[in-house]
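Colleague: Take a look at this one; I'll ask things after.
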Amino acid sequence: MKPHAAMVFAAGFGTRLGDLVKDRPKPLIEVAGQPLIDHALEIVKTAGVEHCAVNLHYLADQLRAQLKDRPGLTLVHEFPDILDTGGGLLNAADILGEGAVFTLNSDTVFRGANPLLQLKAFWNPTQMDALLLLSAPESAIGHTGHGDFMWSEDNRIRRCEKGESGCVYTGAQIIDTRCLSSVGKRVFSFNQIWNRLISDGRLAGVLYPGKIGDAGTPEGIRASETLLTS
């Protein structure tokens, strides 16, 4: 089953951005003249995805005003608690419907092919329950820290071990929402799901052929601006 809907994550506090998010949520920070949330929603639109959910929490009223009356878009206000990535998708599952969906972080920008179409081309539900879009470290502009996953040419992935320099998760994936119901928690990260899928041989990854900008820090925002405008 091909993914039929998308979830864009926009509820986070953006604490690494310091004063930049003192009076506005991270998804409204502009990169190359456009708020991060609009970069993400343009990716969803150009991939031909007609139904999209966006979760809100921190300074939700500002995002609600930015996104009101957009066709095919449902806003999901997480209140009183922020639910993390897995919990956020589970909270929106009834809206998105059962089966495979795209998820996309709103603090990553892409230069190159549409990341959702890249995922769609490699999605094979008979072999995987989640497919992560990965970037080579040298193509992840503004990213700091170690890699996330080791990738092989058959699209199998595993967690990086100490001393390994692996690929970076871009914040885009396809995941079957039926994976979420077994967790038994309201607040949880995708990491909990991914670890189980790795053990079951049901987590896969594909390399993004372009470059990404990690806009999660002030330095990353500047690097992302340069990436999109140079």
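Colleague: For the stretch 152-207, state the semi-axes of the equivalent ellipsoid (square roots of 5 times the eigenvalues of the alpha-carbon gyration tensor), sorted largest first and rounded to whole angstrom.
Modeller: Sorted largest first and rounded, they come to 22, 13, 11 Å.
Colleague: May I ask for log10 I(q)/I(0) of the chain at q = 0.16 Å⁻¹, from a Debye sum over the Cα atoms as equal point scatterers with solvent left out?
Modeller: So the normalised log intensities work out to -1.16.
Colleague: Compute the relative contact order of the stretch 48-176 as a whole-number percentage, counting only Cα pairs closer than 8 Å that sit 6 or more residues apart in sequence. Write down the numbers at each step before the final one.
Modeller: Working: 150 pairs, mean separation 33.2, N = 129.
It rounds to 26 percent for the stretch 48-176.
Colleague: Which order do the peptides 14-20, 217-223 take when ranked by the mean count of other beta-carbon atoms within 10 Å per residue, highest first?
Modeller: 217-223, 14-20
Colleague: Please report, in debye to the nearest 20, how large the charge dipole of the stretch 90-230 is about its Cα centre when each Lys and Arg carries +1 at its beta carbon and each Asp and Glu carries -1 there.
Modeller: Dipole magnitude for the stretch 90-230 comes out near 200 debye.
Colleague: DSSP beta bridges in the chain, what fraction antiparallel, as a percent rounded to 5?
Modeller: 50 percent
Colleague: Let me check something: with ligands and nucleic acids excluded, how do 174, 82, 43 order by accessible area (1.4 Å probe), largest to smallest?
Modeller: Result of the area sort, largest leading: 82, 43, 174.
Colleague: Quick check on the stretch 107-230: what are the equivalent-ellipsoid semi-axes from the Cα gyration tensor, as sqrt(5λ), descending, whole Å? Could you put the intermediate results ahead of the total?
Modeller: Numbers: eigenvalues 125, 50, 44 Å².
The answer is 25, 16, 15 Å, longest axis first.
Colleague: Could I ask something else about it? Pairs 26/162; 26/68; 2/26; 120/211: which exceed 20 Å Cα-Cα? Spell out each step's value before the answer.
Modeller: On the way: 26/162 31 Å; 26/68 18 Å; 2/26 30 Å; 120/211 18 Å.
Too far apart for the 20 Å limit: 26/162; 2/26.
Colleague: Another question, if that's okay. Between the stretch 1-39 and the stretch 153-218, how many Å separate their Cα centres?
Modeller: Answer, in whole Å: 19.
Colleague: Over the C-alpha atoms of the stretch 40-111, what are the Rg and the largest Cα-to-Cα span, Dmax, in Å?
Modeller: Reported Rg and Dmax, both Å: 12.2, 36.
Colleague: With Kirkwood's inverse mean 1/r over C-alpha pairs for Rh, give me the Rg to Rh ratio of the stretch 1-86, two decimals please.
Modeller: 0.96
The values are calculated or read from the model by the stated rules, or taken from the named source; none is laboratory data. Because the structure is predicted, anything quoted here is derived from the model rather than measured. For neighbour counting, all protein chains shown are included, and Cβ atoms are generated from backbone atoms with ideal geometry for every residue, glycine included. We work out accessible area using only protein heavy atoms, side chains counted, and drop any ligands, DNA or RNA first. Shrake-Rupley method; radii C 1.70, N 1.55, O 1.52, S 1.80 Å.
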